[in-house]
Each structure stands twice: as C-alpha cells, then as structure tokens.
1. Could you give the dipole magnitude of the chain about its Cα centre, charging the beta-carbon of Lys and Arg +1 and that of Asp and Glu -1, in debye to the nearest 20?
2. Taking the Cα centroid of the stretch 123-173 and of the stretch 23-94, what is the distance between the two, rounded to the nearest whole Å?
3. When DSSP assigns beta bridges and you keep just the ones with both residues in the chain, what percent turn out antiparallel, to the nearest 5?
4. Beyond a 30 Å Cα-Cα separation, which of these cross-linked pairs lie in this structure: 79/185; 18/75; 155/181; 65/181; 58/183?
5. Excluding ligands, DNA and RNA, what is the solvent-accessible area per residue of the stretch 57-215 at a probe of 1.4 Å, expressed in Å²?
6. Hey, what number do you get for the chain at 222 nm if only DSSP H runs of n ≥ 4 count, each worth -39500 (n - 2.57), divided across all residues, to the nearest 500?
7. Taking 22 Å as R0, compute the FRET efficiency from the Cβ-Cβ separation of residue 117 and residue 84 and round it to 0.05.
8. Determine the relative contact order of the chain: mean sequence separation of Cα pairs under 8 Å and six or more apart, normalised by residue count, in whole percent.
Amino acid sequence: YGNWEYLSDPAQLIDYEKILDCFTSDYLPNGSSYISCDVARFGGDSTVIGLWSGYRVKLFQYNGKSVVEVAEIIKKLQKEYQVATSNIVVDEDGVGGGVCDILRCKGFVNNSRALINPITKAKENYDNLKSQCYYKLAELINNSKLYINADGKQKQLIIEELEQVKQKHVDKDGSNGIIPKDKVKALIGRSPDFSDCLAMRMIFEYTPKFVVSVF
C-alpha cells in the first residue's frame, strides 16, 4: 500500500508516513469531548462531522443534508457523548452560519485573524485563522498525536487531502499561509471537507485554559 509516487515537496507541511500513522495510533488516550463540523455548501460537497475525545476522532460524512438536519445530527451526538456547547465548532462561512445560529455554538470564520497563543500571550504570524489551525494540525500529526477512526474509503480521501496541506509561499518572508481551497479542489477534484473538519478542531488549542487556584 505504499505511495510510490510520493516525492518530497518543500512546501508540504505534513509528512506522508505520519499521515498513515494517524490510522493506526489507536493507543492514544481519550480526553475532553469536542465536535467539529464542516457544512456542505454545494451539491457535490459533503458535510463532515468530527466527534473527538482528546486527539482521537471519528468522522461522519453526509450528503444532501439541510441546515436543520445537520444541527439535529450534532445535537444527538452532543447529548449521547455529553459534549459541552462551548466545545462545538461549526464552519460559519456560507450555510454553516445557519447551523451555528441553531446550536449557538462557536463559529469558525476561515479568513478571520489568527488567534493569540494562550500560553505565550503572543500573536502568531499567520495570514488567517484557517492557516493557523492547519499549521497546528500539521504539528499534531507530525508529532504522532492524532488518531483517526475511519473506514477504507474515508482513509483514502483523508490521505489525499492531508497531502495537499502546503505552504502558500515557501521562499518568501511574511505571514505563514496555506494554499487556498480552490487550488486544492483543482488538484484532487473535490472539496477537502475531511481535512477542513480536522483543522477546525485546532481552534480549541487556542482557547485560554482557566485554572482555579485553591488557597
């Protein structure tokens, strides 16, 4: 099953072998529960929902679902797996905004500004939130910290999408960015719905962690 056509690309952010490791690292521990959702905008796109336990994720793919139907699916998962509303993120661009309105959950706006690092309190050098989260996803995968529970068909689609996570400008100074979605769609012939869903989860890595001190 080796990808014998794989070539080293200086723009590529995720190591190919580390992508493959994501599907066998089921030894990773469970953790806090999250839901991420990339909502389909057009007929050919899929709605992908990620159900997370720490850095373990199971992905669900749907076609032809309305905004209301997607919200109901998320509500059922939320109740069954006891996911706090503040731990749910939905792509707010396009029709996904309707799902956010129904659930009153966190919205993911791709071109919004990058978030402050909650540990260093410093602004990170990314051109937008989407790039920031994709770089964090790449870091997680390259450090063997992500487990993806997917069937054979999903696995191949996810591999294709993660291989296309690349820097926009390799040899130029400035903010870090990834190649745009329209270019990825041209390369793989479809929208990278799975990888977008995975990257959206990374927004919670930039959520400040509140610690209560006991005296």
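The values are calculated or read from the model by the stated rules, or taken from the named source; none is laboratory data. Bear in mind the structure is a predicted one, so any value in this text is a computation, not a measurement. Backbone-built Cβ (ideal geometry, glycine too); neighbour counts: all protein chains shown. These accessible areas exclude ligands, DNA and RNA; they are computed on the full protein's heavy atoms, side chains included. Shrake-Rupley method; radii C 1.70, N 1.55, O 1.52, S 1.80 Å.
1. That gives a dipole near 620 debye.
2. 18 Å
3. Details: 16 of 26 bridges.
Counting DSSP beta bridges with both partners in the chain, the antiparallel share is about 60 percent.
4. Over 30 Å apart, Cα to Cα: 79/185; 18/75.
5. Computed with neighbouring chains in place, this is 55 Å² per residue.
6. Details: 7 runs with 71 residues, N = 215.
That calculation yields -9500 deg cm²/dmol at 222 nm.
7. Details: r = 23 Å, r/R0 = 1.04.
The formula returns an efficiency of 0.45 here.
8. 26 percent
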